[in-house]
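These notes concern the structure reproduced below.
The values are calculated or read from the model by the stated rules, or taken from the named source; none is laboratory data. Note that the structure is a prediction, hence the values are computed from the model and not measured. Cβ atoms come from the backbone with ideal geometry, glycine included; neighbour counts cover every protein chain shown. These accessible areas exclude ligands, DNA and RNA; they are computed on the full protein's heavy atoms, side chains included. Shrake-Rupley method; radii C 1.70, N 1.55, O 1.52, S 1.80 Å.
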Amino acid sequence: NNEKSVPQLLIRDLTFEKKSLAKPMFSPDQENHPSKAPVKYGELIVLGYNGSLPNGDRGRRKSRFALFKRPKANGVKPSTVHIACTPQAAKAISNKDQHSISYTLSRAQTVVVEYTHDSNTDMFQIGRSTESPIDFVVTDTVPGSQSNSDTQSVQSTISRFACRIICERNPPFTARIYAAGFDSSKNIFLGEKAAKWKTSDGQMDGLTTNGVLVMHPRNGFTEDSKPGVWREISVCGNVFSLRETRSAQQRGKMVENETNQLQDGSLIDLCGATLLWRTAEGLARTPTVKHLEALRQEINAARPQCPVGFNTLAFPSMKRKDVVDEKQPWVYLNCGHVHGYHNWGNKEERDGKDRECPMCRSVGPYVPLWLGCEAGFYVDAGPPTHAFSPCGHVCSEKTTAYWSQIPLPHGTHTFHAACPFCAHQLAGEQGYIRLIFQGPLD
């Protein structure tokens, strides 16, 4: 084993300056007039995108969406319940100017619950539809896709009006999630096939076709976070254990002691895309893009070298995060030895996928390393010492350890861990690897 004769530098030996991370990020005009800064409830970040959508963020379609206090409250709360004997009567009751939820029990009976204005809350709606009631347009995430054209051919499983989040306009600005969103005629319509029922206090409730699943992490979203349990949220915001498959007719058991209140780090799955909820307080403690850029520059300043070509390696700037650069670091995923790109050890008979590491002779995939640029996914501000396998996205050790434990819904009844930056399913024993950089020889 010739590994010991080569001077090595583990990245943890580099000195990383602790930057102050407590400063919240304001846009430039807010910094001049801090009193005018709007109240931010939190942000939703779509898993699988490393800071922006492949073709760029546009309008309501982007990789992260901030929820700010609205100039005027637009929340709603349930009021009158009508039992109509025909669908026509139900349509007459639900007028276009009033929010309502219609539960079709049979051809002969529909229950319509009218909703009235609530001056204490703001409502935000999420779904696949581009109609005006949707605040945040979310399309299906295709793992590792570099352009939106990759995603269009897939038949979407995300509901057009998937869910709504209701935020209290007064401190502590509690945010709650509900399945289904109101359409352009301010209606939520649960057809005959949807799971629905009468609750013990005589109200109606139901589930949407593919469901809205939520997982609250234990110990918040910190370096001590542990995965929680996935639950399903109903149209009225009640919490249930999961159905046998995503769209089964039979609902799960009601979970009495849990609520639909979102907390920092809660995950929301819409069957085709998963969103991470970050509270304003949580984001204030999270590393900023500036901090990640400082860490990138610090790694590059330590001049890590390729042990084969002795050329200096450098992580490309955050803006060039999809194009392989000639100085780009590459890693052998089985051992973690970082190199520059080279053709050494390419085994023809292995489809060119597996390579032999020149340092330790272990054989495995050889991939370029990319910095994780979406700061909202980091559980701490630690240096980028570890990479997810097999995609090569680099972030802090605690962040890789956290995401590698999270079972994310996949398809209609399976779960697997995935890289938050590109949504690729994780591989290998633990799903990530510690990077071994070699320092300059001088």
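Does Gln249 count as open to solvent by 30 Å² or more (accessible area, probe 1.4 Å), more than 15 Å from the chain's Cα centre (by Cα) and under 14 Å from Tyr41 (Cα atoms)?
When the stated conditions are applied, Gln249 does not pass them.
Taking Gly237, is it in a loop (DSSP other than H, G, I, E, B), closer than 19 Å to Glu192 by Cα and open to solvent by less than 30 Å² (accessible area, probe 1.4 Å)?
Values: in a loop (DSSP other than H, G, I, E, B): yes; closer than 19 Å to Glu192 by Cα: no; open to solvent by less than 30 Å² (accessible area, probe 1.4 Å): yes.
No, not satisfied.
Give, as residue ranges, the strands (runs of 3 or more DSSP E) completely inside the range 356-405 that count at least 1 residues that are open to solvent by less than 10 Å² (accessible area, probe 1.4 Å) and either at pLDDT 95 or above or more than 27 Å from Tyr341 (Cα to Cα) (or both).
Answer list for the range 356-405: 386-388, 393-395.
Restrict the check to the range 139-155 and report whether at least one residue is out of contact with any Leu (no Cβ under 6 Å at 6 or more places or on another chain), modelled with pLDDT of 95 or more, surrounded by 15 or more Cβ atoms within 10 Å (Cβ to Cβ) and within 20 Å of Asp57 (Cα to Cα).
no
Are any residues in the range 157-183 polar (S, T, N, Q) and surrounded by 17 or more Cβ atoms within 10 Å (Cβ to Cβ), and if so, which ones?
Once the filter is applied, which keeps residues that are polar (S, T, N, Q) and surrounded by 17 or more Cβ atoms within 10 Å (Cβ to Cβ), the range 157-183 yields Thr157, Ser159.
Among the candidates Arg128, Arg169, Arg231, Arg176, which residue alone is among the basic types (Lys, Arg) and farther than 28 Å from Glu281 by Cα?
Going through Arg128, Arg169, Arg231, Arg176 in turn, just one is among the basic types (Lys, Arg) and farther than 28 Å from Glu281 by Cα: Arg128.
Residues are listed down the side, and each one gets a yes or a no for (1) β-branched (Val, Ile, Thr); (2) outside the structural domain of Leu47 (by the TED database); (3) in contact (Cβ under 8 Å) with a residue 60 or more places away in the chain; (4) under 30 Å from Pro383 (Cβ atoms):
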site	(1), (2), (3), (4)
Asn238	no, no, no, no
Arg251	no, no, no, no
Asp269	no, no, yes, no
Leu275	no, no, yes, yes
